[in-house]
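**Student:** Here's a structure for you.
The values are calculated or read from the model by the stated rules, or taken from the named source; none is laboratory data. Keep in mind it's a predicted model, so treat the numbers as computed, not measured. FYI the Cβ positions are ideal-geometry reconstructions off the backbone, even for glycines, and counts take in every protein chain you see. All accessible areas refer to the heavy atoms of the entire protein, side chains included, with ligands and DNA or RNA removed. Shrake-Rupley method; radii C 1.70, N 1.55, O 1.52, S 1.80 Å.
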Amino acid sequence: MRKPFVCGNWKMNTDRRGAAALAQGAARAAEQARGVEVGVCPPACYVEAVVAAARGTPLAVGGQNMHFEASGAFTGEVAGPMLKELGCRYAILGHSERRHVFGETDEFISRKVHAAFKFGLLPILCVGEKLQERQAGRTEAVVHRHVTSGLAGLTGDQARQVVIAYEPVWAIGTGLTATPQQAQDVHAFIRGCLESLYDAALAGDVRIQYGGSVKPDNTFDLMRQADIDGLLVGGASLKAEGFSAIVAESARAKEV
Ligand code: PGA
């Protein structure tokens, strides 16, 4: 049984006070919907304040990115052990903004995935096609490449714990959500990739989130899909009320 997982990705937003307030709201939502795992990924500089606000609640905290080295001359980067020490459980890796704005390659992301396990963090591995790729009929090829290279070299025990976030790039921050059927089709395809890379039991255990213009009013229909196990929520996670509604709607859709 895959526990639904709804995670906020705050990107480069909020301030210290706002981050703590949002975290308190998310923690309340997590307490009210115990059947759903709830997480938030604040900017690195606010992780500590968010972990403090989440203390004693089921709210999980994650980093939005991390370098694969433990320390060293990498100006501006955050290392896995730093996130771990502050109390993070997850790290978002390979987000489309990292891939397409900051030029991260599949190989670079794969090194981060291995580093996350090494430093005791669980990766939320983002995959997804750009609009031109979808229009050219290349969605499955791109997603297959992202999944295969993102999981390369992982043991079954590790791969089982990875959260995969399918985020079509054309749906991120655009207001254009994939239809529940479009998302379900790619999620089922990803599960098939996992089955051929590992086995059916493992494929059945991995949680696959959808991300891209998720809002309270499209959550239920997305989360009703058999292979959609959770959501990675950007813009709508910056309003405590909206994010709580997304968590509650997810619990309702999955009847947990
Ligand atoms: P969005 O972002 O919900 O604002 O579209 C999702 C994401 O980038 O994770």
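**Student:** Going residue by residue through region 32-49, is there one that turns out to be touching a Gly at 6+ places or on another chain (Cβ under 8 Å), surrounded by 20 or more Cβ atoms within 10 Å (Cβ to Cβ) and more than 22 Å from Gly211 (Cα to Cα)?
**Tutor:** no
**Student:** Any residue in region 122-143 that is open to solvent by less than 10 Å² (accessible area, probe 1.4 Å) and either assigned to a helix (DSSP H, G or I) or modelled with pLDDT under 95 (or both)?
**Tutor:** Yes - at least one qualifying residue is present in region 122-143.
**Student:** Filtering region 144-157 down to residues that are out of contact with any Ser or Thr (no Cβ under 7 Å at 6 or more places or on another chain) and among the polar types (S, T, N, Q), which residue is least open to solvent (accessible area, probe 1.4 Å)?
**Tutor:** Thr148
**Student:** Which of the residues spanning region 151-169 are away from the ligand (no atom under 16 Å from the Cβ) and not acidic (Asp, Glu)?
**Tutor:** Selection gives Leu151, Ala152, Gly153, Leu154, Thr155, Gly156, Gln158, Ala159, Arg160, Gln161, Val162.
**Student:** Taking only region 9-45 into account, find how many residues are assigned to a helix (DSSP H, G or I) and within 14 Å of Ala240 (Cβ to Cβ).
**Tutor:** 16
**Student:** Restricting attention to region 65-100, report how many residues are assigned to a loop (DSSP other than H, G, I, E, B) and either within 16 Å of the ligand (Cβ to nearest atom) or touching a residue at least 24 places away in the same chain (Cβ under 8 Å) (or both).
**Tutor:** So the count comes out to 11.
**Student:** Identify, please: which residue in region 237-251 is touching a Phe, Trp or Tyr at 6+ places or on another chain (Cβ under 9 Å) and either over 24 Å from Asp185 (Cα atoms) or in contact (Cβ under 8 Å) with a residue 40 or more places away in the chain (or both) and is, among those, farthest from the ligand (Cβ to nearest atom)?
**Tutor:** Among them, the one singled out is Ser250.
**Student:** Also, I was wondering about something else. Consider region 72-96. How many of its residues are open to solvent by 20 Å² or more (accessible area, probe 1.4 Å) and either β-branched (Val, Ile, Thr) or closer than 13 Å to Asn9 by Cβ (or both)?
**Tutor:** Counting residues in region 72-96 that are open to solvent by 20 Å² or more (accessible area, probe 1.4 Å) and either β-branched (Val, Ile, Thr) or closer than 13 Å to Asn9 by Cβ (or both) gives 2.
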